[in-house]
Amino acid sequence: MLVRISVTALAKVIRHTVSSPRREVAGLLIGRERGEELLVRYAVKGHQTGSLGHVVLDELVMARLTELLHLSGAGLYIVGWYHSHPGIGVFMSAIDYATQLNYQRLYPKSVALVIDPVEIIKSKVLTPGSMKFFRVEEDGAVVELKAVIDGPVRVPKVVQVPTSSGELLQEEWGPFAEGIDEGQTASARRKASVVEDPMSGKRRRVIIKRDRPKGR
């Protein structure tokens with residue numbers, strides 16, 4: 001199975017994880033199937049609690065999101081989850097394994113996206129060492145899935161800004177970075193879409209702009 005993630009979804013995941021390089025964060029992935037591909041279109045954060053090595057996403061987030069997606073009639077559903085491993089690499093821990101099995105009981109093709117925000121901050125690009133998709137096979141083995149990003153993604157640069165109360169992590173957007181498996185580059189174009197906020201249910205018209213990376 002090939003996972004194809006949108007620029008919108010991945011940018012939100014990266015921004016969420018990089019904003020907390022000392023604490024695990026998590027969220028849900030929204031999309032649908034298309035033939036042999038799993039399309040990840042959006043990502044949702046929701047209320048959660050976490051520490052450096054643990055994160056718990058409020059169960060009400062999934063329940064409410066499932067209800068809103070059903071009411072929207074957009075043909076989208078929860079296709080997996082994402083979480084960060086700050087500074088320890090991307091892999092499936094024993095707790096991740098058990099969590100992934102629960103997601104696959106709800107939707108058999110569910111995937112887990114694991115991101116190391118510290119590696120992204122350090123390397124300033126997306127690499128196989130900073131993000132990977134996983135799932136559990138019928139024989140119980142954890143497998144890494146091939147993934148394609150639908151276009152170039154900006155990787156944020158995080159700098160430490162001294163303040164009177166300590167330090168503040170400030171985000172600066174860096175140059176475009178290619179997909180983790182050299183995904184195809186999109187030429188500059190504007191695309192208008194009507195999207196539904198999965199948490200509020202409100203519909204709004206947005207303009208999505210994709211620019212050709214410099215040097216290409």
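The values are calculated or read from the model by the stated rules, or taken from the named source; none is laboratory data. Everything quoted here is computed from the prediction, not taken from an experiment. Virtual Cβ from ideal backbone geometry, glycine too; neighbours counted across all protein chains shown.
Can you tell me which of (1) assigned to a helix (DSSP H, G or I); (2) farther than 14 Å from Lys132 by Cα; (3) out of contact with any Phe, Trp or Tyr (no Cβ under 8 Å at 6 or more places or on another chain) is the one Lys109 doesn't meet?
Only one criterion is unmet by Lys109, namely (1).
Under 6 Å by Cβ, and 6 or more places apart or on different chains, what pairs join a residue from region 124-140 that is assigned to a loop (DSSP other than H, G, I, E, B) with one that is of a type in the set (Gly, Ala, Ser)?
What qualifies is Lys124/Gly174; Val125/Ala177; Leu126/Ala177.
Evaluate the following for Tyr97: is it of a type in the set (Phe, Trp, Tyr), surrounded by fewer than 17 Cβ atoms within 10 Å (Cβ to Cβ) and either touching a strand residue (DSSP E or B) at 6+ places or on another chain (Cβ under 7 Å) or part of a helix (DSSP H, G or I) (or both)?
Spelling it out, Tyr97 is indeed of a type in the set (Phe, Trp, Tyr), surrounded by fewer than 17 Cβ atoms within 10 Å (Cβ to Cβ) and either touching a strand residue (DSSP E or B) at 6+ places or on another chain (Cβ under 7 Å) or part of a helix (DSSP H, G or I) (or both).
Which number in (1) in a loop (DSSP other than H, G, I, E, B); (2) under 15 Å from the mean Cα position of the chain (by Cα); (3) at positive phi marks the one condition that Gly87 misses?
Result: Gly87 passes all but (2).
Which residue out of Gly31, Gly75 is assigned to a strand (DSSP E or B), of a type in the set (Gly, Ala, Ser) and modelled with pLDDT of 90 or more?
Gly31 is the lone residue from the list that is assigned to a strand (DSSP E or B), of a type in the set (Gly, Ala, Ser) and modelled with pLDDT of 90 or more.
Out of the residues in region 126-155 that are β-branched (Val, Ile, Thr) and more than 25 Å from His54 (Cα to Cα), state the one that is modelled with the lowest pLDDT.
Here the residue is Val153.
Quick test of your reading of the structure: Gly75 fulfils all but one of (1) over 21 Å from Arg23 (Cβ atoms); (2) of a type in the set (Gly, Ala, Ser); (3) touching a helix residue (DSSP H, G or I) at 6+ places or on another chain (Cβ under 6 Å). Name the failing condition by number.
Every listed condition holds for Gly75 apart from (3).
Given Val90, Val118, Val55, Val114, which one is over 22 Å from Glu138 (Cβ atoms), of a type in the set (A, V, I, L, M, F, W, C), touching a His at 6+ places or on another chain (Cβ under 7 Å) and surrounded by 15 or more Cβ atoms within 10 Å (Cβ to Cβ)?
Going through Val90, Val118, Val55, Val114 in turn, just one is over 22 Å from Glu138 (Cβ atoms), of a type in the set (A, V, I, L, M, F, W, C), touching a His at 6+ places or on another chain (Cβ under 7 Å) and surrounded by 15 or more Cβ atoms within 10 Å (Cβ to Cβ): Val55.
Within region 44-62, track down each residue that is β-branched (Val, Ile, Thr) and part of a helix (DSSP H, G or I).
Val61
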